[in-house]
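The values are calculated or read from the model by the stated rules, or taken from the named source; none is laboratory data. All values derive from a computational prediction rather than experimental measurement. FYI the Cβ positions are ideal-geometry reconstructions off the backbone, even for glycines, and counts take in every protein chain you see.
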Amino acid sequence: MTHDSVHDGCEVSDIFNEIQHGKNESNIFVAVRNYVQRGNNVDQVFFNGETDMSLLQAACFFRRTKTVGWLLKAGAGVNLCDSKHETALFYIMKNSNAKTENRQQDPERQIRMMKMMSLHCANFQHQNLNGETILHLVANSTECNVQEKRMMVRIIKTQKDVELLENTSNSNALKTAVMNNLQGVVRMLMDEYKDTYSVEYVMQMLHNMTRVNDSQKRIEETIKTLCLADVTMMKNFCSFFMKNST
């Protein structure tokens with residue numbers, strides 16, 4: 001078997017191998033479609049040595065957008081969980097070492113797949129075993145720039161209030177962005193979620209982080225960045241920290 005085609009009697013490992021290593025998106029799509037149309041389970045699961053992965057999760061992980069679209073229309077379980085309690089949405093944001101046709105197009109593919117998921121009842125409030133939602137993964141992605149993350153956040157915002165959820169470490173997406181020194185993401189989240197991440201909310205969050213001896217330098221950098229972006233915010237920060245410095 002070559003990476004460009006899968007024979008008619010292929011095993012489940014063959015089809016997952018094609019999704020991972022296939023060099024032509026159209027050939028991969030045809031192989032998966034034929035596999036399912038021969039009566040195989042559209043939610044077929046394969047253990048890749050680390051975790052169990054469905055066809056849809058694998059297609060998301062390796063950025064096979066055409067295949068993802070067809071699988072969703074074919075009724076693939078959009079909220080099916082793997083052994084780490086992660087759905088296909090999470091696989092969209094996972095880093096992939098797949099040799100896709102153009103790695104620079106990955107964020108575009110991720111945005112397209114996320115839009116598809118939103119149209120097929122994906123649960124954007126779902127949490128993995130670490131208590132993370134898709135918003136946590138978007139905020140901390142190393143593959144996407146701030147503008148691309150903003151586009152993803154706006155898709156998420158069409159769903160329920162996932163930004164209100166905190167993970168098992170009591171760390172919401174904003175706090176995680178602060179701790180990872182993602183200043184552009186911090187400003188973007190505050191801009192997109194004005195009602196939730198108000199100035200008062202952020203001031204209290206940063207103050208609490210300071211009290212429990214979290215990274216002082218990163219907190220100071222966040223305050224500086226936010227103050228430079230908004231004079232009113234600077235005044236509010238100064239007033240708040242003077243009041244709570246004792």
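Against the numbered list (1) at pLDDT 95 or above; (2) under 14 Å from residue 45 (Cβ atoms); (3) hydroxyl-bearing (Ser, Thr, Tyr), residue 83 comes up short only at (1).
Tally the residues that are hydrophobic (A, V, I, L, M, F, W, C) and touching a strand residue (DSSP E or B) at 6+ places or on another chain (Cβ under 9 Å), restricting the search to region 43-67. Explain how you work it out, then say what you get.
Of the residues in region 43-67, the ones hydrophobic (A, V, I, L, M, F, W, C) are 45-47, 53, 55-56, 58-62.
If we keep only those that are touching a strand residue (DSSP E or B) at 6+ places or on another chain (Cβ under 9 Å) as well, we get 45-47, 53, 55, 58, 61.
Total meeting the criteria: 7.
The residue that is modelled with the lowest pLDDT, counting only those in region 146-189 that are part of a helix (DSSP H, G or I), hydrophobic (A, V, I, L, M, F, W, C) and over 16 Å from residue 202 (Cβ atoms), is 162.
Would you point out which residue out of 143, 132 is modelled with pLDDT under 90 and in contact with a Pro (Cβ under 7 Å, 6 or more places away or on another chain)? Spell out the reasoning first.
On the way: 132 fails: in contact with a Pro (Cβ under 7 Å, 6 or more places away or on another chain).
Among 143, 132, only 143 is modelled with pLDDT under 90 and in contact with a Pro (Cβ under 7 Å, 6 or more places away or on another chain).
Remark: pairs (first residue in region 182-210, charged (D, E, K, R); second residue at pLDDT 75 or above and in a helix (DSSP H, G or I); Cβ separation under 6 Å; 6+ apart in sequence or on different chains) = 192/153. Of all residues in region 76-94, exactly one satisfies the criterion of being surrounded by fewer than 19 Cβ atoms within 10 Å (Cβ to Cβ), hydrophobic (A, V, I, L, M, F, W, C) and more than 15 Å from residue 125 (Cβ to Cβ), namely 80.
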